[in-house]
Amino acid sequence: MTIMSPVFLTPGNLINIMRQVSTNGMLAMAMTFVILTGGIDLSVGSVMAFTGTLAAGLIAISGLAVPLAVGIALIAGILIGSVNGLIIASTGIAPFIATLGMMNIVRGFAYIYTGGLPVRVDLESYNRIGLAYMGPIPFQIIYLVILFVLLDLILKRTTFGRHVYAVGDSTDAAYFAGIKVRRIRFSVYALSGFITAFTGVILSARLYSGQPSAGQGFELDAVAACVLGGMSMTGGTGRLMGALLGAMVIGVLNNGLNLLNINSFWQLVVKGFVILIAVYLDDLKKRT
């Protein structure tokens, strides 16, 4: 139905889809590392909003140079992810509960920092981070491709990547094999914080402002992308390419429903059914 629209296959629309996919795609790749260890990170949407507003505020309000403001925002993301990882690795608190609490804490700080209002940034050197093009290709798509290549190499070619799979497959077996399980869990959340902060900076640069309300529900889209990509929520199974393809499916679905003028409320219903069907098919595949 979607491809019947004369607009859908135009180059401009396809690039627009990929630009929309890039945000969820990067969050889904961050979520991949976490889910592979058997965890979940519900704070990614809030971290993205906070780091985006932080970078924008440091430039527009505090007058810091762009590299310094971006660096501080990225460090903030790593620190938030590290706190998540420390709590999860060192206590018996479930990842769902720990990151749910962090989701609210960080979102609250985003509103406190901005007074609940967007922070406008009209500095070209910052806005170019999210708006520049290389030929006809937006930088956002280039960031997505580069990030995918780097993270895929980490998962497939490094000891750390093998340990991530091992921890998710069996924590006890990984522990007795000499793998530092707590360190791996801590590291994947810190990595998630970094990737999410990077995504937040790109989004705020593209929007010309830091939005404290940005990213609401994005954590669910990231999880949905991983599930659609065939990732097991119990950990140990899944590929980065699957998460990226899942994000593309969601992006195409969103774009197609918009082109067909489907009410936004019904779009939520359709996406929910698609996710449930994907999970059901994955469960059937595991049973056979």
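Tabulated data for the structure shown
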{"item": "Fewest-first ranking of TYR175, TYR143, TYR126, using other Cβ atoms within 10 Å as the exposure measure", "result": "TYR175, TYR143, TYR126"}
{"item": "Anchor LYS180: aspartates and glutamates whose Cα lies under 12 Å away (excluding residues fewer than 8 positions away in-chain)", "result": "ASP172"}
{"item": "Dipole magnitude of the stretch 195-288 about its Cα centre (Cβ charges: Lys, Arg +1; Asp, Glu -1), debye to nearest 20", "result": "180 debye"}
{"item": "Top positive-direction residue, dipole computed over the chain with Cβ charges, set VAL227, PRO67, LEU151", "result": "LEU151"}
{"item": "Dipole of the chain, positive direction: furthest Cα of LEU79, ALA278, GLY39, with charges on the beta-carbon", "result": "GLY39"}
{"item": "Residue-span extension gain [ALA173 to SER213] - 0.36 nm each, minus C-alpha spacing", "result": "10.2 nm"}
{"item": "Cα gyration tensor shape of the stretch 173-288, rounded if a/c is under 1.5, else prolate or oblate by comparing a/b with b/c", "result": "oblate"}
{"item": "Exposure proxy order (Cβ contacts within 10 Å, fewest to most) of ARG183, ARG107", "result": "ARG183, ARG107"}
{"item": "Prolate/oblate/rounded call for the chain, Cα gyration tensor, a/c under 1.5 rounded", "result": "oblate"}
{"item": "Whole-Hz couplings from phi, Karplus 6.51/-1.76/1.60, listed for the stretch 136-145; x for Gly and Pro", "result": "x, 9, x, 4, 4, 5, 5, 4, 4, 5"}
{"item": "For the stretch 165-260, with +1 on Lys and Arg beta carbons and -1 on Asp and Glu, the positive-most of LEU259, TYR175, TYR208 along the dipole", "result": "TYR175"}
{"item": "Rounded, prolate or oblate (a/c below 1.5 giving rounded, otherwise prolate when a/b exceeds b/c) for the stretch 49-203 by Cα gyration tensor", "result": "oblate"}
{"item": "Dipole in debye (nearest 20) - the chain, about Cα centre, beta carbon charges: Lys, Arg +1; Asp, Glu -1", "result": "400 debye"}
{"item": "Relative contact order (%) - the chain, alpha-carbon pairs under 8 angstrom, separation at least six", "result": "35 percent"}
{"item": "Residues MET248, MET134, sorted so that the one with the fewest Cβ neighbours within 10 Å comes first", "result": "MET134, MET248"}
{"item": "Estimated [θ] at 222 nm from DSSP helical runs (n ≥ 4, -39500 (n - 2.57)) normalised by residues in the chain, nearest 500", "result": "-25000 deg cm²/dmol"}
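Only the coordinates and a few stated rules stand behind these numbers; no lab work does. All of these numbers come straight from a predicted model, not from anything done at the bench. Methodologically, a virtual Cβ is constructed for each residue, glycine included, from the backbone with ideal geometry; neighbour enumeration extends over all protein chains shown.
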